[in-house]
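Read the structure below first, then the notes.
The values are calculated or read from the model by the stated rules, or taken from the named source; none is laboratory data. Predicted model only: the values in this text are computed from it and were never measured. Glycine gets a Cβ as well: all are built from the backbone with ideal geometry, and neighbour counts include every protein chain shown.
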Amino acid sequence: MSTHRVSKSFGHVEVLTHIDLEIHTGEVLAILGENGAGKSTLVKLLAGYEEVSAGELRLATADGSTVPVASWNIEVAEQHGIVLIHQEFNLAEQLSAAENIFLGNELKRGLFLDQERMLRLARKYLLALNCQVDPATPVSELAVADKQMVEIAKAYARNSKLLILDEPTAVLTSKESEVLFRLIERLKQQAVAIIYISHKLEEIERIADRITILRDGEMVGCYPASSLSTDDMARLMVGRELSNLFPNIPAPLDEIALRVVNASVPGLVQAASFELRRGEVLGFAGLVGSGRTALMEAIVGLRKLTASAQIEVAGKAVSYPNLAAARDDGVAYLTKDRKASGLLLNLNLVFNFSLLSLSALFLQRKYAGLLIDQKKEQRAFEQAIKTFDIRLKDSAITAGDLSGGNQQKLLLAKIMAVAPRIIIIDEPTRGIDIGTKSQIYHFIAELAANGHSIILISSDMMEIIGLSHRVAVMCRGELTGILVDDEIEEHEIMRYATGLKRQPGKNNSEDQLCA
Amino acid sequence: MPEKFGFKLDLKTTGPFLALITLIIIGMLVNDAFLSTGNLSNILARSSFIGIVAIGATFVITAGGIDLSVGAMAAFISGCMIIIMNSLIGTIESSVAIILLAIIASAGIGALAGLINGILTTKAKIEAFIVTLGTMGVYRSLITYMADGGTLSLDFSIGDIYSEVYYGDLLGLPYPAWVFLGVAIIGYVLLNKTVFGRHCLAIGSNEKVALYSAIHVDRVKTMTYMLQGMCVAIATIIYVPRLGSASGQTGILWELEAIAAVIIGGTVLRGGYGRIWGTVVGALILTLIGNILNLTDAISNYLNGAVQGIIVIAAVYLQRGAWRRNKQ
């Protein structure tokens, strides 16, 4: 398949300009670019989700030449074996894995469905992906990684010739990613072409054959993967040198901002204790599902803590019944899932920006008394746009129209509008380009330098190591250690995260490893 | 194509108004009597019941809920008011005082009924559709029971005085229309200018985001049902003097007409987007259809429901198109 001078506009905004691509069988073509560079739009064009505004798509024919495609939509694309696997999955949650794999493509015996054969084949496909899931399980009960495997199995069952993976590892642990990479290797040998989008440059370096780089909707170029280092990739994507990705942060003060003793959440967290000082960035590392988010949500009143838990904020014992109480006490939580729990995607940016701060009594005079002062609200929003460098293409758009990086900045602006002293930030840079990442790191550093206290939950090891003064590690709901100075190092963190190591006094139950 | 874009955006907000004007023109063409003061004030007074209920429904729906119990609730509150007033005759001298007491009781019952719907949906975590389907059955059978299968009638001594509330007018506009206007203005300010309104919008748009934005989701949702209950009570207060009676047939299908008015007005049924003025226009449109069919021989009056149904579906279809174009 190839594209020839393909462009795409939404309304009068051109998001892709003259893109030329060629995808060969049995190769992995990586598409790289900052958020908003047009990667997702490009693959949606290829898979028939969006119409091409100008230029043409061409398909390879048997004799090696290419012909332009006449009409292109999802069904036609699927007939040609082109499948896009979304960041957000396209699975029917209530149906079983097997039913999803054969959805719209069901095997029949006479008039009836051949359940047995579908289950058998589904199991075979899943096993080929090294996935132990029972194909009869409803998708809603599967872990995220398994859902992805079901998606891939679905593509596999359809004999796809071009598989487009849009940030597949964003939701996977490193072990699960490993399985995916091996699978990609195998698919390549079966002459399947793969388009791979990811922000993780190391992955791209490892699996891509060629790399196409986009910047602001235009092609920077297409390079053989062997000719680029990860530094080159970052430089080409951003179009400028990225010096000091991780800024220096001054040492924290001695003053304790937050003390948590014996915090437990039934089934999720067992007796976690830690302290956070003023001006400190305390990293929270751990595998996905280790209870970091649950612990933080419980501290800010989004979940129930057990009665044994003691929490002190600035030396005062507190117990927040809900998030509003935490907010009014200067404790804010920035959710990791900006789409599901962070922003109202169908509403405008101003409403999103002020949603948390509107009902904060201590901020009433800022823009809301009995009635909302929409002029003041607008002014506060415009100020936030400048402070957080949120880039708008059109002032009337909704939060859902923003790129991931700008959504994250808007979310940050929303949280900071309540002027919190303690900020818990959960996965701030998931699915975000390197330029915005660097900006967010600088915001965090600035906050800490100004005496705010920050808890940083992240699955990105470099981020944890680069920003944190100390690193708390959790494993299966337990806090296994708090690392300082030289201990803050990738392998050491992994040892604590998998339960291989455990600091004395950090609740020693005799159980086995986490991983 | 910026100009085109702007025009379509406009159509989305002005669509219901254009439909209303079209209907008025049709009405004028169909029958000269349409523009008579008598007919116009009749339309306004009649649309005010559904309109007031629909303004409450706008809040419930904007916050992602639904209330099917409003028609039965209106009947139940009517019955309660009549029983209260009849039983107070003789104990209290002044008829006006009796009426005022009944009005206060009515508002209280409405708020309480809303509170029950709200608590069942938020605390017991039962879907609003099911909760209000249940309470609808309860109120409907309670009124039938209270009327003993027949009709509860207001005592004439009070009915004569109270009827002024429905039939009287101020500056040429019937009282019910004034009440409708007042409720609409309060509703508009509440939905568009207050934190409560913003929270309704947020909850209807995405409840989880609302929760993570420190919004008291359960409290706000319960308040929308209470607001709905009080709107039903207000509608009942101006409805009772019209007939001076209540029976198992009172308020039948009001819930569907109220929801229809809300939807015609452009509020999105799945929540997150509400328009009070749209709802007002929606209620007027529904009443106008019935009125025009009454004034013409071209279509049988019995087809009123069919015409209303087609208009609701067409309105949603047009808005859907406008949404999609807006997205692009």
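Of the residues screened, A:ILE101 is one that is farther than 19 Å from A:TYR196 by Cβ, crowded, with 18+ Cβ neighbours inside 10 Å, in the same structural domain as A:HIS18 (by TED's automatic domain parsing) and among the β-branched types (Val, Ile, Thr). Residue-level check: of (1) small (Gly, Ala, Ser); (2) in contact with a Phe, Trp or Tyr (Cβ under 8 Å, 6 or more places away or on another chain); (3) within 14 Å of another protein chain (Cβ to nearest Cβ), A:ALA285 misses just (3).
For B:ALA202, are the conditions met, namely being buried (at least 19 other Cβ atoms within 10 Å of the Cβ), farther than 23 Å from B:ALA19 by Cβ and more than 14 Å from every other protein chain (Cβ to nearest Cβ)? For B:ALA202, the condition - buried (at least 19 other Cβ atoms within 10 Å of the Cβ), farther than 23 Å from B:ALA19 by Cβ and more than 14 Å from every other protein chain (Cβ to nearest Cβ) - is not met.
Scanning for something over 21 Å from A:ARG338 (Cβ atoms), without any contact (Cβ under 8 Å) to a residue 24 or more places away in the chain and surrounded by 18 or more Cβ atoms within 10 Å (Cβ to Cβ), does region A:380-392 turn up at least one residue? Checked against the condition, which is being over 21 Å from A:ARG338 (Cβ atoms), without any contact (Cβ under 8 Å) to a residue 24 or more places away in the chain and surrounded by 18 or more Cβ atoms within 10 Å (Cβ to Cβ), region A:380-392 yields no hits at all. Residues in region A:472-501 that are over 14 Å from A:ALA272 (Cα atoms) and of a type outside the set (Lys, Arg): 17 in all. All told, A:SER160 meets the bar of being modelled with pLDDT under 85, hydroxyl-bearing (Ser, Thr, Tyr), out of contact with any helix residue (DSSP H, G or I) (no Cβ under 7 Å at 6 or more places or on another chain) and crowded, with 19+ Cβ neighbours inside 10 Å. Within region A:361-404, being at pLDDT below 85, within 19 Å of A:GLY431 (Cβ to Cβ), more than 10 Å from chain B (Cβ to nearest Cβ) and not in a loop (DSSP other than H, G, I, E, B) holds for one residue alone: A:GLY404. Residue check: is A:LEU287 surrounded by 16 or more Cβ atoms within 10 Å (Cβ to Cβ), of a type outside the set (Asp, Glu), touching a residue at least 24 places away in the same chain (Cβ under 8 Å) and in contact with a Cys (Cβ under 8 Å, 6 or more places away or on another chain)? For A:LEU287, the condition - surrounded by 16 or more Cβ atoms within 10 Å (Cβ to Cβ), of a type outside the set (Asp, Glu), touching a residue at least 24 places away in the same chain (Cβ under 8 Å) and in contact with a Cys (Cβ under 8 Å, 6 or more places away or on another chain) - is met.
Which is surrounded by fewer than 22 Cβ atoms within 10 Å (Cβ to Cβ) and within 24 Å of A:MET462 (Cα to Cα), of A:ASP216, A:ASP231, A:ASP146, A:ASP209? Result: A:ASP231 is the single residue among A:ASP216, A:ASP231, A:ASP146, A:ASP209 that is surrounded by fewer than 22 Cβ atoms within 10 Å (Cβ to Cβ) and within 24 Å of A:MET462 (Cα to Cα).
For region A:328-339, the candidate set comprises residues that are within 25 Å of A:THR398 (Cα to Cα) and buried (at least 20 other Cβ atoms within 10 Å of the Cβ); within that set, the residue that is nearest to the other protein chains (Cβ to nearest Cβ) is A:THR335. B:VAL262 - would you say it is modelled with pLDDT of 90 or more and of a type in the set (A, V, I, L, M)? Yes.
Checked against the criterion of being over 21 Å from A:ILE195 (Cα atoms), in the same structural domain as A:THR169 (by TED's automatic domain parsing) and surrounded by 14 or more Cβ atoms within 10 Å (Cβ to Cβ), the candidates A:SER140, A:SER96 yield just one match: A:SER96. The one condition from (1) over 16 Å from B:GLY110 (Cα atoms); (2) among the aliphatic types (A, V, I, L, M); (3) more than 14 Å from chain A (Cβ to nearest Cβ) that B:ILE238 does not meet is (1). A count restricted to region B:85-96 and to residues that are among the hydrophobic types (A, V, I, L, M, F, W, C) and more than 17 Å from B:SER163 (Cβ to Cβ) stands at 2. The set of residues from region A:142-166 being touching a strand residue (DSSP E or B) at 6+ places or on another chain (Cβ under 9 Å) and farther than 16 Å from A:LEU29 by Cβ comprises A:GLN148, A:GLU151, A:ILE152, A:LYS154, A:ALA155, A:TYR156, A:ARG158. Tell me the residue from B:ILE52, B:ILE26 that is modelled with pLDDT of 85 or more, more than 29 Å from B:PHE196 (Cα to Cα) and part of a helix (DSSP H, G or I), please. Answer to the selection: B:ILE26.
One line per residue, one yes/no per condition, for (1) buried (at least 24 other Cβ atoms within 10 Å of the Cβ); (2) within 16 Å of B:HIS216 (Cα to Cα); (3) more than 14 Å from chain B (Cβ to nearest Cβ):
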position	(1), (2), (3)
A:THR293	yes, no, no
A:ALA314	no, no, yes
A:TYR320	no, yes, no
A:LEU345	no, no, no
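Of B:ILE215, B:ILE299, all but one fail to be of a type in the set (A, V, I, L, M) and either within 14 Å of chain A (Cβ to nearest Cβ) or in contact (Cβ under 8 Å) with a residue 60 or more places away in the chain (or both); the exception is B:ILE215.
When A:PHE353 is tested against the conditions (1) surrounded by 20 or more Cβ atoms within 10 Å (Cβ to Cβ); (2) in a strand (DSSP E or B); (3) more than 9 Å from chain B (Cβ to nearest Cβ), the lone failure is (2). Counted as qualifying within region A:169-249 are the helices (runs of 4 or more DSSP H) with 3 or more residues that are modelled with pLDDT under 85, namely A:174-189, A:230-238.
In region A:62-79, the residues that are modelled with pLDDT under 70 reach residues that are outside any strand (DSSP E or B) with C-beta atoms within less than 7 angstrom, at least six apart or across chains, in these pairs: A:VAL67/A:THR61. Please work out if B:LEU191 is assigned to a helix (DSSP H, G or I) and either crowded, with 19+ Cβ neighbours inside 10 Å or within 14 Å of chain A (Cβ to nearest Cβ) (or both). Taking the combined requirement at face value, the residue satisfies it. Scanning region A:278-321 for residues that are of a type outside the set (A, V, I, L, M), under 28 Å from the mean Cα position of the chain (by Cα) and assigned to a strand (DSSP E or B) yields A:GLY283, A:PHE284, A:GLY286. Of everything in region A:322-345 that is in contact with a Gly (Cβ under 6 Å, 6 or more places away or on another chain) and outside the structural domain of A:LEU295 (by TED's automatic domain parsing), the residue that is farthest from B:TYR273 (Cα to Cα) is A:THR335. Within region A:33-56, is even one residue loosely packed, with under 14 Cβ neighbours inside 10 Å, modelled with pLDDT of 80 or more and assigned to a strand (DSSP E or B)? No, region A:33-56 contains no residue that is loosely packed, with under 14 Cβ neighbours inside 10 Å, modelled with pLDDT of 80 or more and assigned to a strand (DSSP E or B).
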